[in-house]
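All remarks here apply to the structure that follows.
Each reported figure results from applying straightforward, stated rules to the coordinates on display, with no laboratory input. These figures come from a predicted structure and were not determined experimentally. In this analysis, Cβ positions are derived from the backbone assuming ideal geometry, glycine residues included, and neighbour counts consider all displayed protein chains.
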Amino acid sequence: MKITFWGTRGSLPAPLSGRSVRRKLVNALVKGANRGLDTPEKAEAFCDEAMSFAEWSTFGGNTSCVQVDTGGTDYLICDLGSGAREFSLSALGKHGPAAPQTYHVLVSHVHWDHIMGFPFFVPAFIPGNHIRIYSCHPKFEEAIRGQSHAPCFPVEFSALPASIEFITLETGVPYEIAGATVTGMAQLHGGESFGYRIEHDGKTAVYTTDAEYKPDDYGLMDRTAAFFRGADLVIFDAMYSLAESISVKEDWGHSSNIMGVELCQMAGARQLCLFHHEPVNDDQRIQDILAETLRFEEITRSGDKLEICAAYDGLVLEL
Ligand SMILES: [Zn+2]
Ligand SMILES: [Zn+2]
């Protein structure tokens, strides 16, 4: 199973500003001064060896869209945030517009940041393509159709030439979708949200974004740990710090990096991927959150090591 992250921000797109680019450039020039970096190869090696990810790159600014590749011909993605546009351009670039494809989409819920990419999802504009949109959310069809209504968008949903179907899923029931077994779970979030456990060929990825977990709600913690049980990867809503999630931002429907570690440890999961980054956080802040998370895992570890990474636009994980 191969997982590709096309959009990893929460709430709204957060593009890197010109000021941030300049700050990275100035820092790199000062750090690299008098090192004889006079070829691209030497400069590349310098980035790898002497600079951190936040210094030479960016976590990116697109909202939720994650591709799950199980090796079949059909595509499977989770959510239609602004990253879905990048995904669709990549798929189209691979096949060209003349070769119709089938796209399966799991929608967690219908807040803007999880559906805003659909009006720009290029395969929907090409006859012959099949798009099958699945969700446990009761209003996903209404929301996805509705966001293209005038005066908010110039192309009505009904005018899209691709074949588009909406399939409502029930929580707790396993479905065969794009060669994988997909099971949904209800999550704690304003306006409802659903996580998906995706299994294929002995590997499991859990996509759980826009979900709050309360440590004193033992029933919820146990149900969630059972849903994550033995997963090779948990893509987790780590929007807030622990302090925020239990104080000013309690009941805002999101979770923290620390809660991600605790639930993955309870579930015996192998890898935690911090996802749905707070748009206010710059690259350095997200990198610091990852470092804090790694440290927390180390001091609380009682069994096997939990691998931890922070998602960025363009990250590819092989399970
Ligand atoms: Zn969101
Ligand atoms: Zn949401």
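Here are the numbers for this structure:
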read-out: Shape category assigned to segment 83-143 from the gyration tensor of Cα positions, a/c cut at 1.5; value: prolate
read-out: Karplus-derived HN-Hα couplings along segment 197-208 (A = 6.51, B = -1.76, C = 1.60, θ = phi - 60°), whole Hz, x at Gly and Pro; value: 9, 10, 10, 7, 6, x, 10, 9, 10, 10, 9, 10
read-out: Lysine pairs within the chain, Cα separation less than 23 Å, 8 or more sequence positions apart or different chains; value: 7
read-out: Percent RCO, i.e. relative contact order, over segment 1-93, from Cα pairs under 8 Å lying at least 6 residues apart; value: 45
read-out: Distance from segment 17-31 to segment 102-116 (C-alpha centre basis), Å; value: 35
read-out: Cut-off under 5 Å, modelled amide H: who pairs with A310 long-range; value: L274
read-out: Top of N281, N62, N27 by mean-square fluctuation, Gaussian network on the chain, Cα under 10 Å; value: N27
read-out: Beta bridges by DSSP in the chain, antiparallel share as percent, to the nearest 5; value: 45
read-out: Gaussian network model of the chain, Cα within-10 Å springs - most flexible of K214, K31, K305; value: K31
read-out: Residue-averaged 222 nm ellipticity for the chain, from DSSP H runs of 4+ at -39500 (n - 2.57), nearest 500; value: -9000 deg cm²/dmol
read-out: Relative contact order of the chain, defined on C-alpha pairs under 8 angstrom at six or more residues apart (%); value: 18
read-out: Net charge over other residues, Cβ less than 11 angstrom from the Cβ of C65 (K, R count +1; D, E count -1); value: -2
read-out: Cα-centre dipole for the chain with unit charges at Cβ (Lys and Arg positive, Asp and Glu negative), debye to 20; value: 660
read-out: Rounded to the nearest 20 debye, dipole of segment 1-141 from Cβ charges on Lys, Arg, Asp, Glu; value: 380
read-out: Dipole of the chain, positive end: most advanced residue of L16, T73, S241 [Cβ charges, Cα centre]; value: L16
read-out: Shape call, segment 180-285: gyration tensor on alpha carbons, a/c limit 1.5; value: prolate
read-out: Bins of 10 Å, starting at 0 and running to the largest distance - Cα pair percent for the chain; value: 6, 26, 33, 22, 11, 2, 0
read-out: Net dipole in debye of segment 101-250 [+1 Lys, Arg Cβ; -1 Asp, Glu Cβ; about Cα centre; nearest 20]; value: 260
read-out: Using alpha carbons only: equivalent-ellipsoid semi-axes of segment 1-92, gyration tensor based, whole Å; value: 33, 17, 10
read-out: Cα shape, segment 134-181, gyration tensor, a/c 1.5 rule; value: oblate
read-out: Mean separation of Cα contacts under 8 Å, 6 or more apart, over the residue count of segment 118-171: relative contact order %; value: 53
read-out: Mean shadow area of segment 152-209, taken as a quarter of the surface of its Cα convex hull (nm²); value: 6.1
